[in-house]
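Below is one structure, written out as structure tokens; comments come after it.
The values are calculated or read from the model by the stated rules, or taken from the named source; none is laboratory data. As the structure is a prediction and not an experimental result, all values here were calculated from the model. Neighbour counts are summed over all protein chains in view; Cβ atoms, including those assigned to glycine, are modelled from backbone coordinates with ideal geometry. Protein only, heavy atoms only, side chains kept; ligands, DNA and RNA dropped before computing areas. Shrake-Rupley method; radii C 1.70, N 1.55, O 1.52, S 1.80 Å.
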Amino acid sequence: GTEISYRQAWMGVEKVWGLVFGDYSSSFDDLRWYVDAANACNPGSVFYMEFDIDSKGRHFKCLFFAFEACIHGFKYCRPVLMLDGTFLKGRHKGCLLAATAKDGNQGIFCVYVLL
């Protein structure tokens, strides 16, 4: 017999998602830790992160990364490069782009850009 508005229901869903999976803001903040850890474990790799800085603090803008093995592996790939992208939906909208190539053994090399 209880009636709630759509907005109240949606806010409840977001709160539960935050409790189970963590909130969006902290997920993007974890990218700084990931970049530092990946850079320490993969010397020679390229990691580039960009943030907007305003009065409220730092806000994620984009991330580019390419592991050293993939950078060198592209030299030996077939001359066909596949590009793909998808839009990210949610509070922090963006775009995920991927460049993928295949080598002679059907192995896959990827570079990802998160905008």
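Scan region 48-62 residue by residue and report those that are surrounded by 12 or more Cβ atoms within 10 Å (Cβ to Cβ) and either at pLDDT below 80 or over 17 Å from Tyr112 (Cβ atoms) (or both). Once the filter is applied, which keeps residues that are surrounded by 12 or more Cβ atoms within 10 Å (Cβ to Cβ) and either at pLDDT below 80 or over 17 Å from Tyr112 (Cβ atoms) (or both), region 48-62 yields Phe51, Arg58, His59, Phe60, Lys61, Cys62.
Just for helices (runs of 4 or more DSSP H) wholly inside the chain: which have at least 3 residues that are free of Cβ contacts under 8 Å to residues at least 12 places away in the same chain and not basic (Lys, Arg)? Walk me through how you get there before you give the answer.
Values: elements: 6-21, 24-41, 68-73.
Because the criterion is at least 3 residues that are free of Cβ contacts under 8 Å to residues at least 12 places away in the same chain and not basic (Lys, Arg), the helices (runs of 4 or more DSSP H) in the chain that meet it are 6-21, 24-41.
All of (1) open to solvent by less than 90 Å² (accessible area, probe 1.4 Å); (2) at pLDDT 80 or above; (3) touching a Gly at 6+ places or on another chain (Cβ under 9 Å) hold for Phe87 with one exception: (1). When Gly107 is tested against (1) among the small types (Gly, Ala, Ser); (2) surrounded by 12 or more Cβ atoms within 10 Å (Cβ to Cβ); (3) over 22 Å from Tyr48 (Cβ atoms), just one condition goes unmet, and that condition is (2).
How many of the residues making up region 5-29 are under 18 Å from Phe47 (Cα atoms) and either touching a strand residue (DSSP E or B) at 6+ places or on another chain (Cβ under 7 Å) or at pLDDT 80 or above (or both)?
Going through region 5-29, the residues under 18 Å from Phe47 (Cα atoms) turn out to be 27-29.
Still in the list and also either touching a strand residue (DSSP E or B) at 6+ places or on another chain (Cβ under 7 Å) or at pLDDT 80 or above (or both): 28.
Matching residues across region 5-29 total 1.
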